[in-house]
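Q: To start, I am sharing the structure in question, which I have written as structure tokens.
The values are calculated or read from the model by the stated rules, or taken from the named source; none is laboratory data. This one's a predicted model, so the numbers in the text were calculated from it and none came from an experiment. When we count neighbours, we look across all protein chains shown, and the Cβ atoms used for this are built from the backbone with ideal geometry, even at glycine.
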Amino acid sequence: MTSSRSARPVSRATTRRLDRASGGGVITRTVLPGGLRIITEAMPGVRSASVGVWVPVGSRDESVSLAGTSHFLEHLLFKGTTTRSALDIASAMDTVGGEFNAFTEKEHTCFYATVLDRDLDLAIDMISDVVLNATITAQDVDIERGVVLEEISMRDDDPGDLVHDEFSTALFGSVPLGRPILGTEDSIRTLTRRQIHGYYKRRYTPDAMVVSVAGNIEHAEVVRTVRRAFEARLDPAVPTLPPRAGATGAATTGSPDRPVHVVEDDTEQANLVLGCHGMSRHDPRRYALGVLSSALGGGMSSRLFQRVREERGLAYSVYSFSSGFADAGQFGVYAGCQPGKADEVLSLMVEELDSVAAGTLTPAEIERGKGQMRGGIVLGLEDAGSRMTRIGKSEIAYGDVIGLDEVLANIDAVTDADVAAVAADVLSRSRCLTVVGPFGAHDFDGAV
């Protein structure tokens, strides 16, 4: 994993223009003394601004005893700081009509706000206060514990969400990457305030963070505001931490931990995910894999959609997906159907994976897959929030921002031979099937 951070102290601020953004703005990065990275994208034609603070901490950084802590902590930081109560935080954002929220993923957590451009200083002050100065009281831990447990119950009641969590566990096993972001009921019930607060103090350090801002902004003004907000915690004498190369617990790339995993649930619909180990986000073949995924199950003209839904009417929802992590990845296809049709749907899924692995995607299908990728990327960047997310996630994941034109050029450069090679590699790997529905534990034995 490449990164702009080093093991040496950063003694003075450095600024570099990275790319010219569409719409006439530019993308610029400043690294403050102490290592905090600030990256902005100017969007002169809008009247909004979005800011995110990215922390390179996620569920795969947790030990078994801390499972779910990253997400639990995301909740707790909104409960109050040394100077603001939870009501103060909510009221301040409501007063300016802003949005303030957060999300936790496997390898990072993001706290973000979107406001009118004139209220950006307030948003930066609020987010920095929440991220740096949370109190995390024992009372708040006990109150929010119930909220997180309700969230786990909601996930369990949504088989479409549950099947994806169960697929990751079945594929990767007991390593942190295989565990659910939410944790488990048992782990959340036993977490203490001391454990959570200690995790917060160890992990939430500015030298490892990224602040991304997009909208009608001036980079120099953003840097001044962020510097004021983080000033008390910026210590240029403290060496920045090296980037996480792998993370806690090695991710396997061989056979799935559980080739067939059935979650017995009295649902009206069967939910199936069939997949395998994929590619890390650093693999240069990831663009070819994205094109493959789009052609296989990314749109209404895709193989899976045509075979399963249009020709047979077996499922309303059917698609493929690919996720890349620092040192591993996953690839899969999903379908939701009536339980009585599950065997037929699964048979078609296996048939299409085998067919595409043999190199049967046509040039026309591949070209449509490339178009799907290009459109999805560009059309998803029409607002400040999506631009902020793109540059922040790129910086936290790669230590750099990959320009939009470069991304599109990389997609255009994918050849039919590239897709065929990736299909032959990835889709021939040992597969894993996860099913949630009204089935017995052994109903799908031997299916993959």
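Q: Answer with yes or no whether residue 128 is farther than 30 Å from residue 335 by Cα and surrounded by fewer than 18 Cβ atoms within 10 Å (Cβ to Cβ). So that I can check it myself, show each step before the final result.
A: Working: farther than 30 Å from residue 335 by Cα: yes; surrounded by fewer than 18 Cβ atoms within 10 Å (Cβ to Cβ): no.
Considered against the rule, which asks whether it is farther than 30 Å from residue 335 by Cα and surrounded by fewer than 18 Cβ atoms within 10 Å (Cβ to Cβ), residue 128 comes out as no.
Q: Under the condition of being assigned to a helix (DSSP H, G or I) and touching a residue at least 40 places away in the same chain (Cβ under 8 Å), which residue from the stretch 304-322 is surrounded by the most Cβ atoms within 10 Å (Cβ to Cβ)?
A: Within the stretch 304-322, the subset assigned to a helix (DSSP H, G or I) is 304-310.
Filter once more, keeping what is touching a residue at least 40 places away in the same chain (Cβ under 8 Å): 304, 307-308.
Numbers: 304: 25, 307: 19, 308: 27.
Looking at the filtered set, the residue picked out is 308.
Q: Has the stretch 390-397 got at least one residue that is surrounded by fewer than 18 Cβ atoms within 10 Å (Cβ to Cβ) and touching a residue at least 60 places away in the same chain (Cβ under 8 Å)?
A: no
Q: Also, quick follow-up: Look through the stretch 171-189, keep the residues that are part of a helix (DSSP H, G or I) and in contact (Cβ under 8 Å) with a residue 60 or more places away in the chain, and return whichever of them is farthest from residue 63 (Cα to Cα).
A: 171
Q: Name the residue, out of 267, 253, that is at pLDDT 90 or above, surrounded by fewer than 22 Cβ atoms within 10 Å (Cβ to Cβ) and part of a loop (DSSP other than H, G, I, E, B). Break it down into steps so the answer makes sense when it comes.
A: Details: 253 fails: at pLDDT 90 or above.
Within the list 267, 253, the selection yields 267.
Q: Okay, next question. With the structure loaded, tell me whether residue 434 is hydroxyl-bearing (Ser, Thr, Tyr), in contact with a His (Cβ under 6 Å, 6 or more places away or on another chain) and crowded, with 16+ Cβ neighbours inside 10 Å or whether it fails that test.
A: On the way: hydroxyl-bearing (Ser, Thr, Tyr): yes; in contact with a His (Cβ under 6 Å, 6 or more places away or on another chain): yes; crowded, with 16+ Cβ neighbours inside 10 Å: yes.
Answer is yes for this residue.
Q: Let me ask something else about it. With respect to residue 285, is the statement that it is farther than 18 Å from residue 428 by Cβ, surrounded by fewer than 20 Cβ atoms within 10 Å (Cβ to Cβ) and modelled with pLDDT of 95 or more true?
A: Working: farther than 18 Å from residue 428 by Cβ: no; surrounded by fewer than 20 Cβ atoms within 10 Å (Cβ to Cβ): yes; modelled with pLDDT of 95 or more: yes.
So residue 285 fails the test.
Q: Is there any pair linking a residue in the stretch 89-112 that is assigned by TED's automatic domain parsing to the domain that holds residue 123 to one that is among the hydroxyl-bearing types (Ser, Thr, Tyr) and buried (at least 20 other Cβ atoms within 10 Å of the Cβ), with Cβ under 6 Å and at least six apart or on different chains, and which?
A: As it stands, the answer is 99/114; 104/70; 106/59; 109/70, since those pairs meet every condition given.
Q: Follow-up. Among (1) crowded, with 21+ Cβ neighbours inside 10 Å; (2) among the polar types (S, T, N, Q); (3) in contact (Cβ under 8 Å) with a residue 60 or more places away in the chain, where does residue 65 come up short?
A: Among (1) crowded, with 21+ Cβ neighbours inside 10 Å; (2) among the polar types (S, T, N, Q); (3) in contact (Cβ under 8 Å) with a residue 60 or more places away in the chain, the lone unmet condition for residue 65 is (1).
Conditions (1) outside any helix (DSSP H, G or I); (2) acidic (Asp, Glu); (3) at positive phi; (4) at pLDDT 95 or above, marked per residue:
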{"residue": "342", "(1), (2), (3), (4)": "no, no, no, yes"}
{"residue": "356", "(1), (2), (3), (4)": "no, no, no, yes"}
{"residue": "361", "(1), (2), (3), (4)": "yes, no, no, yes"}
{"residue": "365", "(1), (2), (3), (4)": "no, yes, no, yes"}
{"residue": "401", "(1), (2), (3), (4)": "yes, no, no, no"}
{"residue": "421", "(1), (2), (3), (4)": "no, no, no, yes"}
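Q: With the structure loaded, tell me whether residue 300 is of a type in the set (A, V, I, L, M, F, W, C) and assigned to a helix (DSSP H, G or I) or whether it fails that test.
A: On the way: of a type in the set (A, V, I, L, M, F, W, C): yes; assigned to a helix (DSSP H, G or I): no.
Taking the combined requirement at face value, the residue does not satisfy it.
Q: Within the stretch 123-154, which residues are touching a residue at least 60 places away in the same chain (Cβ under 8 Å) and in a loop (DSSP other than H, G, I, E, B)?
A: 136 - this is the single residue of the stretch 123-154 that is touching a residue at least 60 places away in the same chain (Cβ under 8 Å) and in a loop (DSSP other than H, G, I, E, B).
Q: Right, here's the next one. Of everything in the stretch 398-431, what is surrounded by 15 or more Cβ atoms within 10 Å (Cβ to Cβ) and among the polar types (S, T, N, Q)? Give them in sequence order.
A: Passing the criteria: only 410.
Q: Please verify whether the stretch 138-157 includes one or more residues that are surrounded by fewer than 21 Cβ atoms within 10 Å (Cβ to Cβ) and touching a strand residue (DSSP E or B) at 6+ places or on another chain (Cβ under 8 Å).
A: Yes, the conditions are met somewhere in the stretch 138-157.
Q: Looking at 161, 157 in this structure, which one is free of Cβ contacts under 8 Å to residues at least 60 places away in the same chain, over 27 Å from residue 137 (Cα atoms) and touching a Lys or Arg at 6+ places or on another chain (Cβ under 8 Å)?
A: 161
Q: Still on this model: Quickly run through the stretch 327-364 and pick out the residues that are surrounded by 21 or more Cβ atoms within 10 Å (Cβ to Cβ), under 30 Å from residue 398 (Cα atoms) and in contact (Cβ under 8 Å) with a residue 60 or more places away in the chain.
A: Within the stretch 327-364, 328, 330, 331, 332, 333, 334 meet the criteria.
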